[in-house]
Amino acid sequence: MTERPTLGWLASHLGGRLCGMADPASPVEGVSTLEAASSREVCYYGNRKYAKHLMTTRALSVIASTEVETTAKSLIVVKDPYDGFRMALELFAPDRSSGFDGVHPSAVLHPSVSVSSGAVIGPCAVIHRNCIIGKGVSIGSGAVLEAGVFVGDNTVIHSNVTLCAETRVGENTVIHSGTVVGSDGFGFVPDRGGMHRKVPQNGNVVIGSHVEIGANCCIDRAVTGSTVIGDHTKLDNLIQVAHNVTIGNGCLVAAQTGIAGSTAVGDGVVFGGQAGVGGHLVIGSAAVIAAKSGVTKNVPSGATVSGNPCREHMETLKIASASARLPGLLAALKTNGLRAEEGTEET
Amino acid sequence: MTERPTLGWLASHLGGRLCGMADPASPVEGVSTLEAASSREVCYYGNRKYAKHLMTTRALSVIASTEVETTAKSLIVVKDPYDGFRMALELFAPDRSSGFDGVHPSAVLHPSVSVSSGAVIGPCAVIHRNCIIGKGVSIGSGAVLEAGVFVGDNTVIHSNVTLCAETRVGENTVIHSGTVVGSDGFGFVPDRGGMHRKVPQNGNVVIGSHVEIGANCCIDRAVTGSTVIGDHTKLDNLIQVAHNVTIGNGCLVAAQTGIAGSTAVGDGVVFGGQAGVGGHLVIGSAAVIAAKSGVTKNVPSGATVSGNPCREHMETLKIASASARLPGLLAALKTNGLRAEEGTEET
Amino acid sequence: MTERPTLGWLASHLGGRLCGMADPASPVEGVSTLEAASSREVCYYGNRKYAKHLMTTRALSVIASTEVETTAKSLIVVKDPYDGFRMALELFAPDRSSGFDGVHPSAVLHPSVSVSSGAVIGPCAVIHRNCIIGKGVSIGSGAVLEAGVFVGDNTVIHSNVTLCAETRVGENTVIHSGTVVGSDGFGFVPDRGGMHRKVPQNGNVVIGSHVEIGANCCIDRAVTGSTVIGDHTKLDNLIQVAHNVTIGNGCLVAAQTGIAGSTAVGDGVVFGGQAGVGGHLVIGSAAVIAAKSGVTKNVPSGATVSGNPCREHMETLKIASASARLPGLLAALKTNGLRAEEGTEET
């Protein structure tokens, strides 16, 4: 933002209509929530659950839809308030630049590395043999790119990330700190003596464009071929993606989920947090895997599953509800003279 | 320890009374367990479960309470043996200093960074624009502090930690290696084409004083405002704290727990390992969340919950116990001529 | 590989017999799968499930056992096809060398460090006071070895690993990126004021030989003595091993598993992914802990357990199967005039 932003300027950038009593020339200092906003900040209202805060907010103006036009508050009326909020956040994004430009002298680049114009390589970053860094790429402080890594244009690799050898990352992708892409998959052959011989992991990881990968994730390289993360897929933090997994486009994977080896995930699949998916499975497109699910078999496209072992979600709910009535049932049966002893079923 | 420690010196430092036959002038070389202690080490006894080891330990002396005064062993009698053990461990803490003092010449500090007296900044640490480092702070080797980070006095940031832009850490806090504080929260707006637009994460993370955060944790920055970890709260390893979560004071969070966005945790809450907490929930103060719980609704203050979806702990136990009797029940009912078919309930 | 490999050369190195129509002089360019192999690559066939791919593969030759000798395909017939595949992968392992040799000038070694012949220390690695680095060891870029660390011969420490003070690692062991070995265990004594006093963690971590530890794992140092990982044990990614845990020899631990403090794991134990094991337990040798299990009591040698809280696996299956029939049972009972109310059991 070159000029000092005003309410009128913001409404116009959001494609919204300013209504209510606030002066369009009022300066806007930032974006906040209904509850926390100061009288120089804007916020948004998108959920009736928060209607009471709408009445009491101190915000200068509220990004909202037409349905609340009658309120006395100053409003920026837009079609989709949450998307308006998103745009306002973009307009007020803080400057987090490191203060270091270009290739920092403390970064160590092998002479064979190719760096395109506009790339920024932070202090103490290390780039091994034969890497290729696209235009406008940012490599964070302390990040390590091992041999033969390719990073597409405008991708951001944050501080202390490790991209292991031969990893390929597309364009406009973001990888957050501490994540390791391309470490060896977990493959061993049992030995005569109860020991384990390592199966060399000769493949790599290929990450698409417009992908975002959170902090401290692990995406293992393939045995042969590639472990693949499709375009527009977003991973949260602390996620495990095993060797030879393929994840399609536009998926959302919540934190601490783990996907075992060779499983194929379709497009637009959503995983809740701490979900676990077994190996060699197929998860159909647009499936929803609830948080903490244990997926032990294929999931059809569009299905919603939950529980461990997971079942169709409605079925899981029915069983959980019935189980909650079980102590009462046992009491009732006892009254009726029927005894159930643990483990006496004979079939 | 400047002088060579003796048993008498140790007893006096623990505020304990030495009894039994050991010579107060005996040198003490360290602290160990009942089973592993050598004849030059001390250990502690605090649990009747280990009474048999009390008889056979080779330890020079045992930190214990009055209740075992009759034993033939040499004892250091204190009120709280476990706290005495803790104090003895402090007295015998090994020297783990890196050997590097002050600001190491290989560390890269932006000229705008302010470093207070007594701070130690390790080799290959990187500190971006406008950071402020308090007195007596230790920044580990390879740690990265991005723009505008504030670190309070006497805080220890271990090797290879990443503190993202605008993170604020209080005094006397410890953050262990590999942890990432302040990476972007997981926020996206679904797009027409099934793709996802990033919601900028404009907020930060604020960590209190006397906090300890384990290794390879992830604490995400807020959308607006701050993700907060209260004073005296302790986190174990590999924990996920999502954007806009607030954790109160004096909580204990065991390893691999995940807390989803905007959840508010009170004071003194205890989480078992691998617990998962949904978003936008309220966990009351002094609640206990058992290991592996899946928390899907608010938890009242002082409640103990377990299971997935979690319930009051006693209820979970009852249901689990009743479920264990279910196979037997089905057998008994069969004998009584009643058949239960899966999925035929009509309500 | 100095010479250009041919099919004959490969068959001979695998100790296999070439049969079918392919020319032993055909060049082999790599190893792949039945489905993905090009006509210049070999693959393996070891599971009838993939028999249809055996018919359609474009592979130059297939590593297989005698049982499929009749196929028209070119085969390399060996006793154990999977082990043959493993050997072929070894022969075709890509060159991932960093391009940096010896001790890189940007690495920071305290003068007291001892480095044996043939060790490679990558750019921006940091090695504190009194470390000892064995022969042929490789320390990755950005890795940090704190004071008094010992690394045995031929061990590989990957990029951005942190080995905390006094950690001891055996020979021929591999530790992948982002892993933290030896950070403080999670030990606190409750205080009068609801706060928590730190129990100093004076012990260390001892890792055996021929061990492999995945990426972003956490292995905590002991309170006193050592946390131990036995020889030939393999850990996947994002695993938590708490203080004073001992893991025996030849174990396999899948990703995101957590083992709480002081638990003793025998030899040859297998853990599925996301398993959780409580503290102070004994897991007998050759036990199998299914994925997502919650282990709350000792597990006998050779047992297979699953579920949370875990039970003998067959029992868990019976209860799960019975629970699935419960909604139908409740319906049937209703028809029979029996009502079960939740929570009305009186005992």
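Net charge dipole, chain B: roughly 520 debye, given to the nearest 20, about the Cα centre with Cβ charges of +1 for Lys and Arg and -1 for Asp and Glu. Amide H to amide H, with H built 1.01 Å from N, C:Gly187 comes under 5 Å of C:Val199, counting only residues 5 or more places away or on other chains. Counting only residues at least eight positions apart within a chain, or on another chain, the lysines with an alpha carbon under 27 Å from that of C:Lys52 are A:Lys297, C:Lys73, C:Lys79. Rounded to whole numbers, the Karplus 3J(HN,Hα) couplings from phi for the stretch B:96-104 are 10, 4, 6, x, 10, 10, x, 8, 5 Hz, using 6.51 cos²θ - 1.76 cosθ + 1.60 with θ = phi - 60°, and x at Gly and Pro. Computed from backbone phi with θ = phi - 60° and the Karplus coefficients 6.51, -1.76 and 1.60, the 3J(HN,Hα) list for the stretch A:9-15 is 4, 5, 4, 5, 5, 8, x Hz; x is used for glycine and proline. Summed over both chains, the area buried between C and B is near 5300 Å², taken from the accessible surface of protein heavy atoms with a 1.4 Å probe. For the stretch B:116-256, averaging the sequence separation of C-alpha pairs within contact (under 8 Å, six or more residues apart) and dividing by the residue count gives a relative contact order of 16 percent. Using Cβ point charges alone (K and R +1, D and E -1), the dipole size of the stretch A:234-336 about the Cα centre works out to roughly 380 debye. Ellipticity at 222 nm from helices only: DSSP H runs of n ≥ 4 in chain B, each -39500 (n - 2.57), divided by the residue count, give -4000 deg cm²/dmol. Looking at chain B, the DSSP beta bridges with both ends there are about 10 percent antiparallel. For B:Lys334, the aspartates and glutamates whose Cα falls under 13 Å of its own Cα, not counting residues fewer than eight places away in the same chain, are A:Glu345, A:Glu346.
Placing a label point 7 Å from Cα along the Cα-to-Cβ axis, A:Gly279 is separated from the same position in the other copies by 3.3, 3.3 nm, shortest listed first. Temperature 20 °C, viscosity 1.002 mPa s: under these conditions the Stokes-Einstein estimate for chain A, based on its Kirkwood radius over C-alpha pairs, is 90 µm² per second.
Entry comment: accessible area of chain A is 38 Å² per residue, from protein heavy atoms only and a probe of 1.4 Å. Close amide H contacts of C:Gly268 (hydrogens built in the peptide plane, cut-off under 5 Å, sequence separation of 5 or more or a different chain): C:Asn249, C:Gly250, C:Cys251, C:Ala286. DSSP assigns beta bridges within the protein assembly as shown; of those with both partners inside it, close to 10 percent run antiparallel. Surface composition of chain A: carbon and sulfur atoms hold 53% of the protein heavy-atom accessible area at a 1.4 Å probe.
Relative contact order, whole percent, for chain C stands at 6, derived from Cα pairs under 8 Å and 6 or more residues apart. Once backbone amide H atoms are built at 1.01 Å from N, A:Ala119 has A:Gly136, A:Val137 as its partners under 5 Å, excluding neighbours fewer than 5 places away on the same chain. For the listed peptides A:120-131, A:54-65, C:174-185, a ranking on the average number of other beta carbons within 10 Å per residue, highest first, reads C:174-185, A:120-131, A:54-65. Taken along its three principal axes, the alpha carbon spread of the stretch B:81-176 comes to 49, 26, 22 Å, from the longest extent down to the shortest. Across the options A:Thr227, A:Ser285, A:His243, the greatest Cα extent toward the positive end of the charge dipole of the stretch A:209-343 (unit charges at beta carbon of Lys, Arg, Asp, Glu) belongs to A:Ser285. Its relative contact order, with pairs defined as Cα atoms under 8 Å and 6+ residues apart, puts the stretch C:14-74 at 34 percent.
Semi-axis lengths, largest first, of the ellipsoid equivalent to the stretch A:134-187 are 18, 12, 9 Å, with √(5λ) applied to each eigenvalue of the Cα gyration tensor.
Step by step: find N for the stretch B:1-122, compute 2.2 N^0.38 Å, then divide the Cα radius of gyration by it. What's the final number? Cα-based Rg divided by the globular estimate yields 1.44. In this structure, the residue pairs whose Cα-Cα separation is over 30 Å, taken from B:Lys198/C:Lys234; B:Lys292/C:Lys49; B:Lys135/C:Lys198, are B:Lys198/C:Lys234; B:Lys292/C:Lys49. Taken about its Cα centre, the protein assembly as shown carries a charge dipole of roughly 1240 debye when the Cβ of each Lys and Arg holds +1 and the Cβ of each Asp and Glu holds -1. As an equivalent ellipsoid, the protein assembly as shown spans semi-axes of 39, 39, 39 angstrom, where each value is the square root of five times an eigenvalue of the C-alpha gyration tensor, largest first.
The values are calculated or read from the model by the stated rules, or taken from the named source; none is laboratory data. Every value quoted in this text rests on a predicted model; they were computed, and no experiment measured them. Here the Cβ is made from the backbone with ideal geometry for all residues, glycine too, and neighbour counts use every protein chain on show. For accessibility, only protein heavy atoms count, side chains too; no ligands or nucleic acids. Shrake-Rupley method; radii C 1.70, N 1.55, O 1.52, S 1.80 Å.
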